[in-house]
Structure formats: C-alpha cells, structure tokens
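Visitor: Here you go, one structure.
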Amino acid sequence: MGLREFDYGPLVSVERGTEVTTRERKRQWNELRPLFMRTRMVSHAAGSSYLEAENSKVICSVNGPLANTGGRTEAIERAKISCYISRTKFCGLEDDELEKRATTEYEGIVCRALESIVRVEQYPKSTIEVHVLVIEDDGSTLSAAITCACLALADAKIELRELMACCSVVNANGQLLLDPTLDEEKEASGSVLVSYLATSGKVSTVFQTGQLAYDEMAQAVELTISGAREIAVLVRNCLRQRESKDRGL
Amino acid sequence: MNEMVDVEVDDHCTVVVRAATRSRTEDVDRSSELGQMCVVAGDQIHVEPGFVRGRGTLTESGLLIATVGGVVDRVNKLVSVRPLVSRYTPEIGDVVIGRVVEVSQNRWKLDVDARQEAVLMLSAMNLPGGAQRRRTYEDELNMRSLIKEEDLISAEVQELKQDGGIALHTRSMKYGRLSEGQLVRVKSALIKRQKKRFQMLPCEIHAIFGNNGYIWLSEEEPRKELEEQGRNTETPKTSLDGRRRISRLRNSILILNEMSMTIHAQTIMDVYITSEQAGLREFEMLRQNVREQLIERVRNRGNF
C-alpha cells in the first residue's frame, strides 16, 4: 500500500530555534504536548504506527505473529514478544548521551508493558516482533514508544485485552512536569512512567528513576494517569479512523 | 434501513450505544453509521443476555470485550468480531496457495500468510510412479527435485493441529507446483467463499482463488500431471497477449483490494471490462486519479 494515499494531516512540527517551546511560555505543568498519531505507515509490516509529540517522533512496526524458528522450546503455548529499539543518528542526542540510555533495559520495559495487553495465549509457538525507531528524541520517548507499539499491535490485528496509553512525569526543581521535553528530563531529579489500561482503568507498568518523596510519587502517578487518559482517547480515535478507511468509507 | 444506532464515547472509553431513528434521505454522519458495527480493541460490545462468545472477543466480569478491531458479526446468539484486515485463518478443505520457505527432512514448510507456516508432508503428496507406494529414503533425498524453496504450490488444508499448525495435502491432480503465471496477494477476508476455486475467467485466463488471499493467474491451465512429470518438463510460454490480459486482471484485482470490495470472478471482470471500455492501457489502471474514476464507473454498473 503506497504512502501517497494518506493526506498527511496536521503534522505538528516546530522547527528548532525558531520558536521557544519552554514550559513557561507554552504549556502548563500538567499539559501534554500536541499529539499526532497515525497507523499503517510501513508498507511491509503487519502493522505499524507513527507518533509525534512536537519534536519527539517515534515510528513502530510489528511483524507477526511469526512461526517460531530455532531450537528453543521455552513457552511453547504462548507467543513471545520481542522488542527492538533503535535511534537514528540525527535523533538529537549526543553520542555520550546515547550510551547512557540503557536501550536493553528500555526494550525490556516495552516488552513487559505489551505483555500485559497482548493475549499471548492465543498465539502458540509464535513470535511477535516489535521494532521501535526513535526518529527524533525530545523527551518522553519511552512512553511514546509504548503507546506507539500498542497502536501498531492493534493495527496488526493482534488480539489485545484492551488498549494502553503511556505517559511520564519528571520532578524538576521540586515541580512535577507532565510529558517532559529532553531539557526538562536532563534537569530532573526523578521521573515516573506509567502505562495505563484504557478500559479497565488499571495501571500495568510503573517505572521510576531518581529520587521522589513519597507524596510526590503518589502525585506523580496520579498526574501520569490523567495524561495517559487523554492519550488513550486519541489512540482509540486514531484506530477508529483506520477502521473506517479500511471499510472504504 | 431507518433504524440507526448512535454511538458515543464516554470518559472511560466504553461505547454507549443508543438507538435513534433517522430517515435515509438525511445526511447521515458516516462515523456513527460506521459505529453501528465497528469496534476497536478493548471496546465493550453490547449484547443480550445469554450470548455466546465468538472469535475476537473475550468476556470479563460478564461483559463482552472486543480484542481486535473490526466488524461485529452476530449470528443468532454468537457474537464475534471479524477484523477487516488480518492474517488468514485456515479451515479444513480450504484451497490455499503457498510459497515454499523451507525444505526439511520429510516435509516442506510453506508461507500461506497465516499465523504459522503450513506443513506439506512428503507423504501427503502423490509421487511419480503409483500413488500409494511407500516413501523411501531416496524420496526424501529427491524432495528438492519435486519442489524447492521459493516455489509456489496450490494445496488443500488437510488438518489443523491443536497448537495452531496447518497440515496441507496435494493428493489430487489439480494441486501442485505452479509456474508460468502471476501471483496476486490480497486481503484474505475479501475473497468470496465459493465452491469453485479453479476457474476459467471469460477473458480466457485460468485463475485459482486461494482462500488465504493469494490468487494465481495463468494462461495455461494449472498443470495437471505435476507429480507424474516432475519439474523438468517444458512449460509452454505465455503469449504476449496473454501477459496483457493477466496484467489487466492483476490490476483489476488490486483495485478491488484497495477499495475493500469482494473479490470473485464477477467483480474482477466488471473492473476488467470497464477498464477496457474506458480505453485504458494495463499500466495506466493503477494511477491514482484513473483508479478513482474507474471504481466510480464500476460502481455505477450496479453490480455492487
């Protein structure tokens, strides 16, 4: 399916340097950046999606369920989810920062988050491959990756218990900030990431780094959930749009 | 169809469905028309008590939840969700077309666009020199001379294993290796389920409609005596005119696929003939604006 059939909607893109995107001017502490998402971006994948929050851009493609190859016989009755995260050379991070990002750990987090929604027992002896490519990194890319992966899985028509949205919060100078940018992430003393299940309202993953006081933590989780709720509505709308396109309407 | 259903999304992303009456002449909002039966993963499906859970759904504390996006199918009490685009779900007796991805000990593994690779056992195919003779070690060694990697095969689904495995057989003269033709891949859900999978289209092209969404087009009738002759026999080359007709058919099928319309001989020929009448060359058919005009004309013929 060619790309040209899409009308590229309001791609929210702010050129660096031309416009100041500091929180003081543009955004409240509990406000998300404008989000844009779309499914079926990669023609050769079973399902794929693209998510953009201003300068953070993530693309995700799902392959599978594929038949298991190789001799390993573990977990034969359920599907194995494998996740790969990669970054472009021009993603905006310096080389030393790139090294600091523990990609393997992030891959594990995405995997675990996805395992909570995919009905793995429906796909015996198979593998579901999730490839995330961070095109540009301006903060909150891990949460963007999880949301994006959920979209791509739904697009690949893999059975899901429910939809999931993910959001993160940092604590910068005693102030909690929702959906942080890269600069805010660098300043922060602690961060919380929560993935939220849209229908049942449960939380499937909490990932905390740095220092946070007990009451700050509680506040932060509440804040992420409120952000994730907003994202979940967008995720659902995006999928509905795709559904209607598939039906030729 | 006066009865319409309104769909609203509340805070918790559950779908609230309420009946509304609209007349047909009114400008019906397309999204709510769609919402009548379309769901995305995680949506609650409203059902009468005593429903039976079907494919693509799951029950959680008495509620029916969709697990894939698609159209809600209701057959009496059975409620299931049918994805519009998905991998092929095999059923016994289906005719499929597959591409060989692996030759192992005594079996071939085929890609049939399903969740698992399909398996064609050496013992599930007729060998040269008598149908029912014992398979020897020599036969296993000669497997590549019959079918090798990247070959296309037509076969029938023989058995579905407990773990989702698919076993195929080619125990009939009509199945076997395919050559000298064109493969077209479409969404498997669009292929009409019909008795005759091997058809001769009115433009004198033979077609095999695989249930898995793979369609084979060739000028010659797909080879009948494959097993007897082995793969070394000469296949008559397709004529230039035949290639033109095959290309036109392929493009017609791709247009139907893109417009999500049912694919069978009738609909394909509708597009085929319309494109001929419009004076289009084969390679022009897939151009964006031409495609849209073409589909509009086909729709006006009234067969859809």
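The values are calculated or read from the model by the stated rules, or taken from the named source; none is laboratory data. Here the structure is a predicted model, which means the values were calculated and not measured. As a convention, Cβ positions derive from the backbone with ideal geometry for all residues, glycine included, and neighbour counts pool all protein chains shown.
Visitor: Would you mind stating whether residue B:127 is among the hydrophobic types (A, V, I, L, M, F, W, C), surrounded by 18 or more Cβ atoms within 10 Å (Cβ to Cβ) and farther than 30 Å from residue A:156 by Cα?
Guide: Criteria met by residue B:127.
Visitor: Would you confirm whether any residue within the range B:28-41 is in contact with a helix residue (DSSP H, G or I) (Cβ under 7 Å, 6 or more places away or on another chain), of a type outside the set (Lys, Arg), modelled with pLDDT of 85 or more and outside the structural domain of residue B:167 (by TED's automatic domain parsing)?
Guide: Yes, some residue in the range B:28-41 is in contact with a helix residue (DSSP H, G or I) (Cβ under 7 Å, 6 or more places away or on another chain), of a type outside the set (Lys, Arg), modelled with pLDDT of 85 or more and outside the structural domain of residue B:167 (by TED's automatic domain parsing).
Visitor: Test residue B:273 against the stated conditions and say whether it is surrounded by 13 or more Cβ atoms within 10 Å (Cβ to Cβ), touching a helix residue (DSSP H, G or I) at 6+ places or on another chain (Cβ under 7 Å) and part of a helix (DSSP H, G or I).
Guide: no
Visitor: Condition (residue is surrounded by fewer than 19 Cβ atoms within 10 Å (Cβ to Cβ) and modelled with pLDDT under 80) applied to the range B:213-223: is it met by at least one residue?
Guide: Going residue by residue through the range B:213-223, those that are surrounded by fewer than 19 Cβ atoms within 10 Å (Cβ to Cβ) are B:220-221.
Subsequent filtering for residues that are modelled with pLDDT under 80 retains B:221.
Yes, the range B:213-223 has at least one match.
Visitor: Here's something else I'd like to know. So which residues in the range B:190-205 are within 18 Å of residue B:156 (Cα to Cα) and in contact (Cβ under 8 Å) with a residue 24 or more places away in the chain, if there are any at all?
Guide: B:191, B:192, B:194, B:197, B:198, B:199
Visitor: Out of the range B:38-65, which residues are facing another protein chain (nearest Cβ under 9 Å) and of a type in the set (A, V, I, L, M, F, W, C)?
Guide: B:38, B:39, B:40, B:41, B:58, B:65
Visitor: Kindly indicate whether any position in the range B:193-212 is assigned to a loop (DSSP other than H, G, I, E, B) and touching an Asp or Glu at 6+ places or on another chain (Cβ under 6 Å). Spell out the reasoning first.
Guide: First, pick out the residues of the range B:193-212 that are assigned to a loop (DSSP other than H, G, I, E, B): B:193-197, B:202-204, B:210-212.
Filter once more, so that each one left must be touching an Asp or Glu at 6+ places or on another chain (Cβ under 6 Å): B:211-212.
Yes, some residue in the range B:193-212 is assigned to a loop (DSSP other than H, G, I, E, B) and touching an Asp or Glu at 6+ places or on another chain (Cβ under 6 Å).
Conditions tested, residue by residue: (1) free of Cβ contacts under 8 Å to residues at least 60 places away in the same chain; (2) part of a strand (DSSP E or B).
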{"site": "B:47", "(1), (2)": "yes, no"}
{"site": "B:59", "(1), (2)": "yes, yes"}
{"site": "B:80", "(1), (2)": "yes, yes"}
{"site": "B:91", "(1), (2)": "no, no"}
{"site": "B:105", "(1), (2)": "yes, no"}
{"site": "B:123", "(1), (2)": "yes, yes"}
{"site": "B:135", "(1), (2)": "yes, no"}
{"site": "B:140", "(1), (2)": "yes, no"}
{"site": "B:145", "(1), (2)": "no, no"}
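Visitor: Would you point out the residue of the range A:26-40, among those that are buried (at least 20 other Cβ atoms within 10 Å of the Cβ) and assigned to a loop (DSSP other than H, G, I, E, B), that is farthest from the chain's Cα centre (by Cα)?
Guide: A:40
Visitor: Same structure again: Those residues that are buried (at least 18 other Cβ atoms within 10 Å of the Cβ) and modelled with pLDDT under 80, I need them from the range A:68-91; list them, please.
Guide: Passing the criteria: only A:68.
One line per residue, one yes/no per condition, for (1) buried (at least 16 other Cβ atoms within 10 Å of the Cβ); (2) touching an Asp or Glu at 6+ places or on another chain (Cβ under 6 Å); (3) on the phi > 0 side of the Ramachandran plot:
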{"site": "A:173", "(1), (2), (3)": "no, no, yes"}
{"site": "A:194", "(1), (2), (3)": "yes, no, no"}
{"site": "A:206", "(1), (2), (3)": "no, no, no"}
{"site": "A:212", "(1), (2), (3)": "yes, no, no"}
{"site": "A:216", "(1), (2), (3)": "yes, no, no"}
{"site": "A:220", "(1), (2), (3)": "yes, no, no"}
{"site": "A:228", "(1), (2), (3)": "yes, no, no"}
{"site": "A:235", "(1), (2), (3)": "yes, no, no"}
{"site": "A:239", "(1), (2), (3)": "yes, no, no"}
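Visitor: For residue A:114, indicate whether it is assigned to a loop (DSSP other than H, G, I, E, B) and either surrounded by 20 or more Cβ atoms within 10 Å (Cβ to Cβ) or among the small types (Gly, Ala, Ser) (or both).
Guide: For residue A:114, the condition - assigned to a loop (DSSP other than H, G, I, E, B) and either surrounded by 20 or more Cβ atoms within 10 Å (Cβ to Cβ) or among the small types (Gly, Ala, Ser) (or both) - is not met.
Visitor: May I ask you to say which residue of A:119, A:101 is surrounded by fewer than 19 Cβ atoms within 10 Å (Cβ to Cβ) and over 24 Å from residue A:212 (Cβ atoms)?
Guide: From the options A:119, A:101, the qualifying one is A:119.
Visitor: Say whether the condition of being more than 14 Å from chain B (Cβ to nearest Cβ) and either within 30 Å of residue B:255 (Cα to Cα) or in contact with a Pro (Cβ under 7 Å, 6 or more places away or on another chain) (or both) is met by at least one residue in the range A:234-246. Please lay out each step first, then the result.
Guide: Step one: list which residues in the range A:234-246 are more than 14 Å from chain B (Cβ to nearest Cβ), which gives none.
So far as the range A:234-246 goes, no, none of its residues is more than 14 Å from chain B (Cβ to nearest Cβ) and either within 30 Å of residue B:255 (Cα to Cα) or in contact with a Pro (Cβ under 7 Å, 6 or more places away or on another chain) (or both).
Visitor: Report, by residue number, each residue of the range A:174-228 that is among the small types (Gly, Ala, Ser), under 18 Å from residue A:29 (Cβ atoms) and in a loop (DSSP other than H, G, I, E, B). Even if it seems obvious, please write down each step before you answer.
Guide: Our first condition is that a residue be among the small types (Gly, Ala, Ser); within the range A:174-228, this holds for A:174, A:188-191, A:195, A:198, A:200-201, A:204, A:210, A:213, A:218, A:220, A:226-228.
Those still in the list that are under 18 Å from residue A:29 (Cβ atoms) too: A:174, A:188-191, A:210, A:213, A:218, A:220, A:226-228.
Within the range A:174-228, A:174, A:188, A:189, A:213 meet the criteria.
Visitor: Look through the range A:123-152, keep the residues that are part of a strand (DSSP E or B) and of a type in the set (D, E, K, R), and return whichever of them is modelled with the highest pLDDT. Give the steps one after another, and end with the answer.
Guide: As a first pass, look at the range A:123-152 and keep what is part of a strand (DSSP E or B): A:126-136.
Remaining after also requiring of a type in the set (D, E, K, R): A:129, A:136.
Details: A:129: 93, A:136: 90.
Per the criteria, the residue is A:129.
Visitor: Still on this structure: Consider residue B:159 carefully, then state whether it is assigned to a loop (DSSP other than H, G, I, E, B), under 28 Å from residue A:65 (Cβ atoms) and modelled with pLDDT of 85 or more.
Guide: It is false that residue B:159 is assigned to a loop (DSSP other than H, G, I, E, B), under 28 Å from residue A:65 (Cβ atoms) and modelled with pLDDT of 85 or more.
Visitor: What's the number of the condition residue B:75 fails, among (1) closer than 25 Å to residue B:191 by Cα; (2) hydrophobic (A, V, I, L, M, F, W, C); (3) modelled with pLDDT of 85 or more; (4) surrounded by 15 or more Cβ atoms within 10 Å (Cβ to Cβ)?
Guide: With (1) closer than 25 Å to residue B:191 by Cα; (2) hydrophobic (A, V, I, L, M, F, W, C); (3) modelled with pLDDT of 85 or more; (4) surrounded by 15 or more Cβ atoms within 10 Å (Cβ to Cβ) applied to residue B:75, the lone miss is (4).
Visitor: Follow-up. Could you grab me the full set of residues in the range A:43-57 that are under 25 Å from residue B:88 (Cα atoms) and touching a residue at least 60 places away in the same chain (Cβ under 8 Å)?
Guide: Selection gives A:45, A:46, A:47, A:48, A:49.
Visitor: Against the condition within 14 Å of another protein chain (Cβ to nearest Cβ), under 30 Å from residue B:257 (Cα atoms) and hydrophobic (A, V, I, L, M, F, W, C), how does residue A:197 come out, does it pass?
Guide: Against the criterion (within 14 Å of another protein chain (Cβ to nearest Cβ), under 30 Å from residue B:257 (Cα atoms) and hydrophobic (A, V, I, L, M, F, W, C)), residue A:197 does not qualify.
Visitor: Name the single residue, out of those in the range B:240-266 being free of Cβ contacts under 8 Å to residues at least 40 places away in the same chain and over 19 Å from residue B:180 (Cα atoms), that is nearest to the other protein chains (Cβ to nearest Cβ).
Guide: Restricting to residues being free of Cβ contacts under 8 Å to residues at least 40 places away in the same chain and over 19 Å from residue B:180 (Cα atoms), the top hit is B:259.
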